[in-house]
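The values are calculated or read from the model by the stated rules, or taken from the named source; none is laboratory data. If you're wondering where the values come from, they're calculated on a predicted model, not measured in any experiment. Methodologically, a virtual Cβ is constructed for each residue, glycine included, from the backbone with ideal geometry; neighbour enumeration extends over all protein chains shown.
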Amino acid sequence: MPSPTRMMLHNEGSTTVLLQSLVGSALSAEVLPDVTAGPQPASGHVAEVFGAVPHTALGIRHSRLRDSTGAVVSENLITFRHSDREHVIPGGDTPFGLHTRRLGLYERRRIFSAGVTTDRFGMLPAGSPGRAYEIAFSNRVTVLVHEVFNPRFVATGSPENAPGAAPNDGPAAAAPAAADAHHQPRWPDAAQAERVRRVLGHVDPLVSAADCRALRSRLATPAFLLQAGDCAETFRDNTPRSVVNRVGLLRDMADRITAASSARVVTVGRIAGQYAKPRSSAVERRGGHVLPSYLGDAVNAVEFTAAGRTPDPRNLLRAHRESSKTLSFMAGSGVFTSHEALLLDYERPQTRRCPDDGNRYGLSAHLLWIGERTRSLTGPHIEFATAVANPVAVKLGPGCTPEDMLALHGVLNPRNQPGRLTFVLRMGRAHAYERSRLLLAAAAGAGLADRFVSDPMHGNGVTSAKGVKTRTMRAIEEELRAFFEACRDTGTLPGGVHLEVSGDDVTECVDAEIDDAYLAERYRTSCDPRLNPAQALRIADLVGHLLAGTPAAEPALSLTA
């Protein structure tokens, strides 16, 4: 690493002053909206700076330093006690370092870590130099600082990370990956992708901000969330009959749950936008052929050909048109829409500010969720979710710790508002009770207002003798029972269920024993196996039964102000 960079990462003086000297320009701060950190775990750097007890009175000042041309020079997070705000935190857009120097305070720095980032941090890419450290001021105020520098100004010294570096032309380039580390497509024509983004920035919104607020209000009540639909929608199957079948199944499932439990049900479909999927492998191998994986119709085609698997940004426009068609088929159904907010080239242009409340909404769906693979706290997907006022959800797998969950809550729901954030637990039946109970207990202890939902499907995939992906009803039912048991043992109201279902009589999930002959009858999914209507209604009956045995969290009385 170059010596100027080492000096920047390990210096004990004002970073802002050093940066101004390095960049050759005065720096100004772009201050993002205040974040209340919420309950912080008594671990990591927070514990080192503020003590090994849970903290509920911390704030975060997020700012970007820019040079005279407007280029981002660094991203900065200052974590502080609310009681210390007036002592050291600038009230305007003054850089933090310049502000504290003007106060005449002496300071002592303790550097915890320094190096390069593994994920995107704000507007700066992975591989940017950064550090975390404590500042103890002479007026007894202490803060925790995270700062990441633009590698354009503070180089890492690694040629492959240098701006404008040539791509690797070695053997691996013979079969290029279809997506990057954040599961974003690598569009072969950057100019065409930019044109598509501009078009999406002017298309009619698929949903309204008012309806997003209506869903968020309904999710703020003790009602039960039924979220279900296709694993991955396809353009080919987007027909009136298919949509009517799917919506009809969702309504039948909701009726079954209500009939068995008397619970009010909020019905949200995986529909009108679920055209993209993250994949565990960037490539697919068939025999001796290797091609990019199928990432959903919004990116490339399911057909195993070089042309079909080449990402095409024009598919994003087709996804918008098909979603609009689906909504016309759904008119008056009473079902809200949702999909995974995976493709940022699709989601960001459709984010608009609402003149009614001044908030920004992702208007591609009522509810947007972040997947298990893309929920990095410093990644671009969580950054996107923090910027929209929709109800949002995050998938959590068995590797999620209470600290991870509390940190996500602190970023996505800093005001701890009911209806804003849903955690979808996808643990697999072997870990369902143990891992769910751990997270639910931590949430209860911290007083989180977030909703907790069970996804009993994604952790229970198996492969048949002939290599066909499937799921067993037995495993799905066992994980649901474990989730409800964990809720009961932690005093948590079960918040809902998240399922992949088809409105058609497919043969993709089996009862208990895996049967390749049965799977071959009507295996239609382009990605993961779905429940058919009979299986889906069976799960709805089980959910209703389990919900009926759950004590109500509060009297069934709804009041309006």
Discussion item. Only one of ALA301, ALA319 is free of Cβ contacts under 8 Å to residues at least 12 places away in the same chain, touching an Asp or Glu at 6+ places or on another chain (Cβ under 9 Å) and in the same structural domain as GLU233 (by TED's automatic domain parsing). Can you tell me which?
Written reply: ALA301
Fill in: Flag if LEU22 is closer than 16 Å to LEU408 by Cα, modelled with pLDDT of 65 or more and of a type in the set (A, V, I, L, M)
no
Worksheet item: Where in region 212-286 are the strands (runs of 3 or more DSSP E), entirely inside, with at least 2 residues that are out of contact with any Asp or Glu (no Cβ under 8 Å at 6 or more places or on another chain) and buried (at least 17 other Cβ atoms within 10 Å of the Cβ)?
Response: 224-229, 265-270
Worksheet item: With respect to the numbered conditions (1) in contact with a Phe, Trp or Tyr (Cβ under 8 Å, 6 or more places away or on another chain); (2) closer than 21 Å to MET427 by Cβ; (3) small (Gly, Ala, Ser), which one is the sole condition not fulfilled by ALA512?
Response: (1)
Worksheet item: more than 21 Å from PRO391 (Cβ to Cβ) and among the aliphatic types (A, V, I, L, M) - does that describe any residue in region 271-284?
Response: yes
Worksheet entry | Answer residue from region 108-125, given it is without any contact (Cβ under 8 Å) to a residue 60 or more places away in the chain and buried (at least 19 other Cβ atoms within 10 Å of the Cβ) and is nearest to the chain's Cα centre (by Cα) among those | LEU124
Worksheet item: Yes or no: THR79 assigned to a loop (DSSP other than H, G, I, E, B) and either under 29 Å from ARG152 (Cα atoms) or of a type outside the set (A, V, I, L, M, F, W, C) (or both)?
Response: no
Discussion item. Restricting to region 84-98, name every residue that is in a helix (DSSP H, G or I), among the hydrophobic types (A, V, I, L, M, F, W, C) and without any contact (Cβ under 8 Å) to a residue 60 or more places away in the chain.
Written reply: VAL88
